[in-house]
Amino acid sequence: MLHRAPRTRRERADETAESDGVDVAATSLLCCQTCLETAEGARPPHRAPAQVGLVFAPRAVNLAAMARTDSRIVVETERGGDEAAIAALTAEAFRNHPYSHGQESAVIEALRSAGALSVSLVARRAGEIVGHVAASPVQVGAAAAGWYGLGPLSVLPARQRRGIGSLLMRAVLEELQRRGARGCVLVGPPEYYIRFGFRTDPSVTVAHVPPEYCLLLRLAPNSDTGEAVFHAAFSL
Ligand SMILES: CC(C)(COP(=O)(O)OP(=O)(O)OC[C@H]1O[C@@H](n2cnc3c(N)ncnc32)[C@H](O)[C@@H]1OP(=O)(O)O)[C@@H](O)C(=O)NCCC(=O)NCCS
């Protein structure tokens, strides 16, 4: 699977700004389940309305963000030998994250070792890995297999806010849908993930996670409910 973004005027402007030394603001988003442990009790400024039964529609993703993505970015499945670069990128992306405990790279490695890194996509630019997203199996209530936990999601700080995160999100959701996934769960800030179709859903919970951070996207029509249990790697 390859995803290439179109080359745009905005992209060329971004490159000019970059070469001029213009810095890019770091993000201040919550991460996945592991990061949330230190953020329990915190509340986002905005609460997404509870909705049940949403199904992912590829056209609904943030095409505006994608349009400004560097056309030299290619999103593809990780290759053998990418492990160290993915770990370094993830550590760098979460270095100044307010809720990070610095274990995100270890979580990815533990998933990989356990054979539970179901999807691992990298964004490459001129051979350099500048973004990464992971997905791993999640048990939702008594539902059959087919649910996935999304995260960690990382973009190199110097490359953030150029649409790479959106490109990775679109690619991972398409890949999960291609695999016939029932849905996807993540723990994170609704203000970021709502653009990809994720919503709070009171019928699916994550232990010790405030409901407003537990986000759900049904990738196929279903009414699965219950507690979503992430892989043990997230308990590192
Ligand atoms: C979160 C992250 C993956 C987003 O990647 P990205 O490539 O910067 O995202 P995009 O360029 O696709 O941004 C799309 C939109 O997300 C929003 N966004 C991105 N970073 C944001 C931030 N720090 N705060 C608020 N909104 C943000 C913006 O609305 C942006 O579009 P806009 O500027 O046109 O409004 C990246 O910032 C990152 O690696 N952060 C550190 C790790 C992290 O927080 N991971 C997510 C939790 S697992």
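The values are calculated or read from the model by the stated rules, or taken from the named source; none is laboratory data. The shown structure was predicted, so the numbers you read here are calculated from the model rather than taken from an experiment. Methodologically, a virtual Cβ is constructed for each residue, glycine included, from the backbone with ideal geometry; neighbour enumeration extends over all protein chains shown.
Here is how the numbers come out for the structure above:
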item: Hey, residue 148 more than 25 Å from residue 71 (Cβ to Cβ), of a type in the set (Phe, Trp, Tyr) and at pLDDT 95 or above or not; result: yes
item: Test: residue in the stretch 169-182 that is within 14 Å of the ligand (Cβ to nearest atom) and over 14 Å from residue 120 (Cα atoms); result: no
item: Flag for residue 127 being away from the ligand (no atom under 16 Å from the Cβ) and at pLDDT 95 or above; result: no
item: Conditions (1) within 13 Å of the ligand (Cβ to nearest atom); (2) more than 20 Å from residue 77 (Cβ to Cβ); (3) in contact with a Lys or Arg (Cβ under 8 Å, 6 or more places away or on another chain); (4) of a type in the set (A, V, I, L, M): number failed by residue 158; result: (3)
item: Filtered residue count, the stretch 67-94, keeping only those that are under 20 Å from residue 162 (Cα atoms), charged (D, E, K, R) and either out of contact with any helix residue (DSSP H, G or I) (no Cβ under 8 Å at 6 or more places or on another chain) or at pLDDT 95 or above (or both); result: 3
item: Criterion violated by residue 75 - all others in (1) closer than 30 Å to residue 205 by Cα; (2) part of a strand (DSSP E or B) satisfied; result: (1)
item: Residue check, residue 105 hydroxyl-bearing (Ser, Thr, Tyr) and either free of Cβ contacts under 8 Å to residues at least 40 places away in the same chain or not in a loop (DSSP other than H, G, I, E, B) (or both); result: yes
item: Strands (runs of 3 or more DSSP E) completely within the stretch 133-236 that count 2 or more residues being in contact with a Leu (Cβ under 9 Å, 6 or more places away or on another chain) and surrounded by 23 or more Cβ atoms within 10 Å (Cβ to Cβ); result: 147-155, 183-187, 214-218
item: Extreme residue, nearest to residue 78 (Cα to Cα), among residues of the stretch 183-211 that are charged (D, E, K, R) and within 14 Å of the ligand (Cβ to nearest atom); result: 195
